[in-house]
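J.: First the structure, which I've put down as structure tokens, then a few questions once you've had a look.
The values are calculated or read from the model by the stated rules, or taken from the named source; none is laboratory data. Quick caveat: nothing in here was measured; it's all calculated off a predicted structure. For neighbour counting, all protein chains shown are included, and Cβ atoms are generated from backbone atoms with ideal geometry for every residue, glycine included.
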């Protein structure tokens, strides 16, 4: 395959140049600035398009096994491809929990046989996500996990968290931590603020997140081990991570597109498509996340894609589950952040390609000879509306439904094979 005439963005090298890319046997066999006369194989016309490395989303929920009525590996991977995401990391809160190699093998084998994109499982830190007994990390790594996390639940016991980090380090597994003090956040359904009081909804204080971020950063500093804080949503959380990095602590973090673009005001009207954890915060928190992207405090952008069935979300706000989908809108949302906040697009692209690849220790995120041919063609100028009819996920619970975006994925290639095309 030849991809001809596009503008090639290589975040690893920091280069933007017009040219052609040749793909053979699933890898990039050559990148040709200015073009090449080669005509063997399929010709993909990329005139007017941006040619990007496939995105890596290090935080998704595909609900498989156990909750396939919400999403499964096939439908989730199709949604990923439509969003320009060629690699996903699936969280372990399935049924059964991915806390042993048999579940890991099920995910890996089903993904290999049926997924449109590369699906990499994360294993549990503790058995059944209960925070009491360590999971079988070594056996799960041999079966295919790339990280460990009790996402959806916080390891409440600090000693257990330390032991989990030390045990994970013996296998070279990144630890991804979900930060939520259960006591402070119990019963809450949205950000605790004057708005939550006016709406009559129980609040989740930002301190419930900040306390656990502080704890896990301190454990990382004490042990000298790395930790990755997922879906940071608060100003204070960003400040803690920023200072920790200055102090040489091995901490990284990610933020979500919805926390970058939306605030708690989206909850007015009690729309459950705006109910997620962490909750949408105040404008000052949103601005702090943007500042964290600008100054390098924030390492990655990840969706926390969390599908739920329509009848589950069509409940009173108090009763509906937390979580929204985000894979198909990831790249358009990044483009909106670029345009509205003035952050260099290449810097944002790094947060969804080379940085997650580095943290996870996997191949991907580059457009150089010899690399995996995971490539996205993106039209930066086309305007389109995100509707239920356009969603490839089984679930429709997006806060961006009905929104008009500028910039759309038009072609996604995984290992040299076209898996999505408009």
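J.: Could we say that residue 362 is modelled with pLDDT of 95 or more and buried (at least 22 other Cβ atoms within 10 Å of the Cβ) here?
T.: No: the conditions fail for residue 362.
J.: Looking at the range 84-120 only, could you name the residues that are in contact with a strand residue (DSSP E or B) (Cβ under 6 Å, 6 or more places away or on another chain) and either touching a residue at least 60 places away in the same chain (Cβ under 8 Å) or in a loop (DSSP other than H, G, I, E, B) (or both)?
T.: Residues satisfying the conditions are 84, 85, 86, 87, 88, 89, 92, 98, 116, 117, 118, 120.
J.: Need the failing condition index for residue 6 against (1) out of contact with any strand residue (DSSP E or B) (no Cβ under 9 Å at 6 or more places or on another chain); (2) assigned to a strand (DSSP E or B), just the number.
T.: The failed condition is (1).
J.: Scan 145, 132 and give me the residue that is surrounded by fewer than 22 Cβ atoms within 10 Å (Cβ to Cβ) and at pLDDT 95 or above.
T.: Working: 145 fails: surrounded by fewer than 22 Cβ atoms within 10 Å (Cβ to Cβ).
One residue alone meets the criteria, 132.
J.: Continuing with the same structure: Can you tell me which residue in the range 163-180 is nearest to the chain's Cα centre (by Cα), limited to those that are part of a loop (DSSP other than H, G, I, E, B) and surrounded by fewer than 19 Cβ atoms within 10 Å (Cβ to Cβ)?
T.: 172
J.: Mind checking which residues of the range 58-83 are touching a strand residue (DSSP E or B) at 6+ places or on another chain (Cβ under 8 Å) and outside any loop (DSSP other than H, G, I, E, B)?
T.: 58, 59, 60, 73, 76, 77, 78, 79, 80, 81, 82
J.: If the requirement is being touching a strand residue (DSSP E or B) at 6+ places or on another chain (Cβ under 7 Å) and either assigned by TED's automatic domain parsing to the domain that holds residue 76 or surrounded by fewer than 16 Cβ atoms within 10 Å (Cβ to Cβ) (or both), which of these qualifies: 319, 349?
T.: On inspection, the qualifying residue turns out to be 349.
J.: Then there is this: Tell me the residue from 55, 49 that is crowded, with 16+ Cβ neighbours inside 10 Å, under 26 Å from residue 390 (Cα atoms) and out of contact with any helix residue (DSSP H, G or I) (no Cβ under 9 Å at 6 or more places or on another chain), please. Explain how you work it out, then say what you get.
T.: On the way: 55 fails: out of contact with any helix residue (DSSP H, G or I) (no Cβ under 9 Å at 6 or more places or on another chain).
Checking each option against the conditions leaves just 49.
J.: Let me ask something else about it. Residue by residue through the range 20-44, note down the ones that are surrounded by fewer than 13 Cβ atoms within 10 Å (Cβ to Cβ) and in a strand (DSSP E or B).
T.: 33
J.: Right, something else. Kindly check whether there is at least one residue in the range 12-32 that is within 26 Å of residue 331 (Cβ to Cβ), in contact with a helix residue (DSSP H, G or I) (Cβ under 6 Å, 6 or more places away or on another chain) and at pLDDT 95 or above.
T.: Scanning the range 12-32, I find no residue that is within 26 Å of residue 331 (Cβ to Cβ), in contact with a helix residue (DSSP H, G or I) (Cβ under 6 Å, 6 or more places away or on another chain) and at pLDDT 95 or above, so the answer is no.
J.: Condition first: over 14 Å from residue 116 (Cβ atoms) and part of a strand (DSSP E or B). Now tell me which residues in the range 388-422 satisfy that.
T.: So the first thing to find is which residues in the range 388-422 are over 14 Å from residue 116 (Cβ atoms), and the list is 388-391, 394-408, 410, 422.
Answer for the range 388-422, where residues must be over 14 Å from residue 116 (Cβ atoms) and part of a strand (DSSP E or B): 404, 405, 406, 407, 408, 410.
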